[in-house]
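Notes to accompany the following structure.
The values are calculated or read from the model by the stated rules, or taken from the named source; none is laboratory data. Quick caveat: nothing in here was measured; it's all calculated off a predicted structure. Here the Cβ positions follow ideal geometry from the backbone for every residue, glycine too, while neighbour counts run over all protein chains shown. Calculation scope for accessible area: heavy atoms of the full protein, side chains included, ligands and nucleic acids excluded. Shrake-Rupley method; radii C 1.70, N 1.55, O 1.52, S 1.80 Å.
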Amino acid sequence: EAKRRGKNQVVVFKIHFLDIVSRRMQLEQALREALNEQELDIWFQPIIDARNGSVIGLEALSRWKLCSEFIPPDEFIGIAETSGMITKLGQQVFNKVGAALQELRIDYPELQCNVNLSLRQFRDSDLTKDIMQCIEKYQLPPSAMHLELTESMIAESESEILPTMQSLVNHGFKFHLDDFGTGYSSLERLKNLPFDTLKIDRSFVAPLGKNDHVMVKNIINIGHELGMNLIAEGVETEVEVNKLLQLGCHQIQGYYFARPMPLDALKVWMLDNQTQQLSAHTSTKNG
Ligand code: C2E
Ligand code: MG
Ligand code: MG
Ligand code: MG
């Protein structure tokens, strides 16, 4: 029985019985192996224009399944960062996203996808080179891949990030500021950084359900004043969608419209969404 299940089962057994530090060490070793075997997956979450249901783009989110258990990205991305593996992880992300986009853009020629970046990728690698190689390999324009940086990365290490960011902007890449509102970066600084879009953190969206919209309203106003596009993250209910639309934010990402999903499921979802839009269009014309 033990032999049939293979060595992965032993890893799970150990993880359940060791303390947090050991879990971390176990996961680090397992992650190293998973990266060597290219076992990590990318799931895609659509970003929707809530005014008409059309797809604005996707966000690529890493997924790691270790013996039938998904390890949360918030856990393994941190491990990859501190153990120096995030560059390798990031290169595999570029590669998988590039391949997926090349395929998807046959049917959806304008489709673009956001990729999350970590600080260590700016430190440890030639990020511009890695990204340029990816889009050349998959014959994509720079506009097909948007890059997400978190606000806390900017607050902590702006000077380290800015030169590479500028070089990528010069190549035609767009940057999104992720988790906006949580990172305490100064607005004065933000105004001078080449961001194209602010992603409003879910912690400001959730209170909309309790009729508390002061924070999100302020954030939307800031975004408009800075001349940036806005995407609301983590939108789960119709109430949230309607309030966001009223407040002037129509680009929406969240479980209400779609969860992150593997590429095959995404293809089905995209077709389905397209059909729904067509029928909505026809019914408004006819009625
Ligand atoms: P993020 O970039 O802010 O990604 C959005 C997170 O919100 C994702 O969590 C997504 O699954 C989740 N989400 C989306 N809609 C909803 C919703 O309606 N409700 C709720 N409760 N959650 C929603 P996930 O996939 O667990 O990723 C967590 C974080 O891990 C990401 O936050 C990102 O910072 C990081 N991450 C994920 N993949 C990568 C990667 O490939 N590279 C790097 N550097 N970081 C990554
Ligand atoms: Mg993100
Ligand atoms: Mg976010
Ligand atoms: Mg986040």
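Brief remarks on what is shown
- Under a model in which nothing but the beta-carbon of Lys, Arg (+1) and Asp, Glu (-1) is charged, the chain shows a dipole of about 540 debye around its Cα centre.
- Across region 94-175, the mean sequence separation of Cα contacts (distance under 8 Å, 6 or more residues apart), normalised by length, yields a relative contact order of 36 percent.
- Amide N proximity, region 136-158 versus residue 226 label position 7 Å along Cα-to-Cβ, cut-off under 20 Å: 146-158
- Carbon and sulfur %, accessible surface of region 16-159 computed with the full protein complex present, 1.4 Å: 49 percent
- Whole-number accessible area per residue in Å² for region 202-243, which is evaluated in the context of all protein chains at 1.4 Å: 52 Å²
- Global geometry of region 121-271, whether rounded, prolate or oblate, following the gyration tensor of its Cα atoms and the 1.5 cut on a/c: oblate
- P(r) tail fraction, the chain - alpha-carbon pairs more than 28 Å apart, %: 43 percent
- q = 0.21 Å⁻¹, region 70-185: log10 I(q)/I(0) [Debye, one scatterer per Cα]: -1.27
- Apportionment of accessible area to carbon and sulfur, region 187-287, percent (1.4 Å): 51 percent
- Adding -39500 (n - 2.57) for every DSSP H run of four residues or longer, then dividing by how many residues the chain holds, sets the calculated 222 nm ellipticity at -17000 deg cm²/dmol.
- The listed residues 202, 23, once ranked by accessible area (1.4 Å probe) with the largest placed first, stand as 202, 23.
- Model label points for residue 259 and residue 108, set 7 angstrom from Cα along the Cα-to-Cβ axis, are 1.9 nm apart.
- With θ taken as phi - 60° and the Karplus curve 6.51 cos²θ - 1.76 cosθ + 1.60 applied, the whole-hertz 3J(HN,Hα) list for region 87-104 is 5, 4, 4, x, 5, 5, 4, 3, 5, 6, 5, x, 4, 5, 5, 4, 5, 5 Hz, x standing for glycine and proline.
- Heavy-atom SASA rank of 171, 176, 281 (probe 1.4 Å, accessible area, largest first): 281, 171, 176
- Here the Debye sum runs over all C-alpha atoms of region 141-204 as equal scatterers in vacuum, and log10 of I(q)/I(0) at q = 0.19, 0.21 Å⁻¹ comes out as -0.68, -0.82.
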